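The structure appears right after this line, and notes come after that.
The values are calculated or read from the model by the stated rules, or taken from the named source; none is laboratory data. The shown structure was predicted, so the numbers you read here are calculated from the model rather than taken from an experiment. All Cβ positions, even for glycine, are placed from backbone atoms using ideal geometry, and neighbour counts span all protein chains on display. Quick note on the areas: whole protein, heavy atoms, side chains included, nothing else; ligands and nucleic acids left out. Shrake-Rupley method; radii C 1.70, N 1.55, O 1.52, S 1.80 Å.
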Amino acid sequence: MIPPGIFPFNGDMVEITTPGLVVHGMGGVLKKMGGTGSDGVGILVSTHAQLINMHIDATVPNPTLGSNFNDLVQVNFTPATPSSRVLIQNLKAKGSSSNVLVHRGGLLEVDGLFAWNTYANGLQLVASNMFGRRIRIYTTVTQNGIFATSSGGSLDTGDVISNVHLEDVYIENSADTGIELGYGCHDCTATNFITVNCVNPGALGRDNQRCTFRNGRIYAPAYSDQISSYNAVAMVPYFRGASYETGSSFEDIEVIGPCKVAAFLSRSICGAGHWAKSQCICSRYCPGN
C-alpha cells in the first residue's frame, strides 16, 4: 500500500517481480524529481500483478524527455508470458515521456487511465491481448494520445500485434494523432471514442489489417489552426504501398466542425473514400472531400 503523502524518487523507482502482487494506492502520490540523475522508469511490471488507484506525478522536467527511460509505468515481460495477467485500474499519471508503455506482456487490462501533460505518447501499446476502457488523455506535447503499433520505433520489422481493444476513450489536445492503430496491428478496435483538437487525424489507421474504428466523434481544431495536410480521419499505407489491402473500416464516425479534409483514404474510389478493400461507413457526417 502507498499511504497518504508525497513520496519523491529519482531514477528507477521499483520493479514488480513478485507474481500476483497487488499494489494499492491509498491517497499517496509518487513524485518524480527533476535534475541530474532523474532518468528512470517509475514502475516496471515484469510479471503478472495489479496496480490499483496509483498516482504518479512527474511534472518537473527530466533530462531525457522523449525517451522511454522516463515512462511512468512500463509493462515489459521478458520473454512474453501469455498466461500472465496485468490489471491497471484507476491510474493517474502526469508528465514524463510516455505515461504508460506496454511493450511485452500476457493479458493486460487497463480500467481507468487518467493521463495529462505527456511529453510523448499518453499510452503506447507494443503488445497483443490488451483491453482498455475509461481512458482519458489530456495534452501530449510531441506525439499521440494512444499509439498502438508492433514497432515502437515505427520500423518495418514484420512484427504483428493483435487483439487490442479500446473502449470509452477521450483524447484532447494531442500534438499528433488522437488514436492510431498503426503498423502491424491486426484485428484491433477502437469503440465509443471522442477526440478533440488533435493536430493530425483524430483516428488514424496505418499499415494495419482488419481493424475497426467504430462510433467515434472527432472535434476538429479551429479551421485557422489546422495544418495544411489536416485530415479528421485517415487510413493510409506507409511501408506497404498503395496496393495494400487492409480489410479495415471506419463505422459511424461523426466529424464536428469545418475541416480541410474530413476523411482521407488512400486510393479513394468514391465520395466517401474507400481505400482498397477497406470500408468507410460514416453514417452521420462524412463529406468525403
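For the reader, a short list of remarks on this structure follows.
- Boolean, HIS165 is at pLDDT below 95 and open to solvent by 30 Å² or more (accessible area, probe 1.4 Å): no
- Residue match in region 219-226 (condition: outside any helix (DSSP H, G or I), touching a Phe, Trp or Tyr at 6+ places or on another chain (Cβ under 8 Å) and more than 15 Å from LEU125 (Cβ to Cβ)): yes
- Qualifying residue in region 138-160 (condition: buried (at least 17 other Cβ atoms within 10 Å of the Cβ), within 20 Å of ARG85 (Cβ to Cβ) and in contact with a Gly (Cβ under 8 Å, 6 or more places away or on another chain)): yes
- Of the residues examined, THR195 is one that is of a type in the set (S, T, N, Q) and either buried (at least 24 other Cβ atoms within 10 Å of the Cβ) or under 16 Å from ALA263 (Cα atoms) (or both).
- Complete set of residues in region 203-226 that are crowded, with 18+ Cβ neighbours inside 10 Å and more than 21 Å from MET130 (Cα to Cα): ARG217, ILE218, TYR219, ALA220, PRO221, GLN226
- The set of residues from region 170-182 being open to solvent by 10 Å² or more (accessible area, probe 1.4 Å) and not acidic (Asp, Glu) comprises TYR170, ASN173, ALA175.
- 3 or more residues open to solvent by less than 50 Å² (accessible area, probe 1.4 Å), at pLDDT 75 or above and under 25 Å from THR195 (Cα atoms): qualifying strands (runs of 3 or more DSSP E) within region 20-133: 55-58, 85-95, 100-104, 107-118, 123-125
- Which numbered condition GLU254 fails, given (1) at pLDDT below 90; (2) over 18 Å from ASN163 (Cα atoms); (3) not aromatic (Phe, Trp, Tyr): (1)
- Only residues that are assigned to a strand (DSSP E or B) and open to solvent by 70 Å² or more (accessible area, probe 1.4 Å) were counted across region 3-19, and they come to 4.
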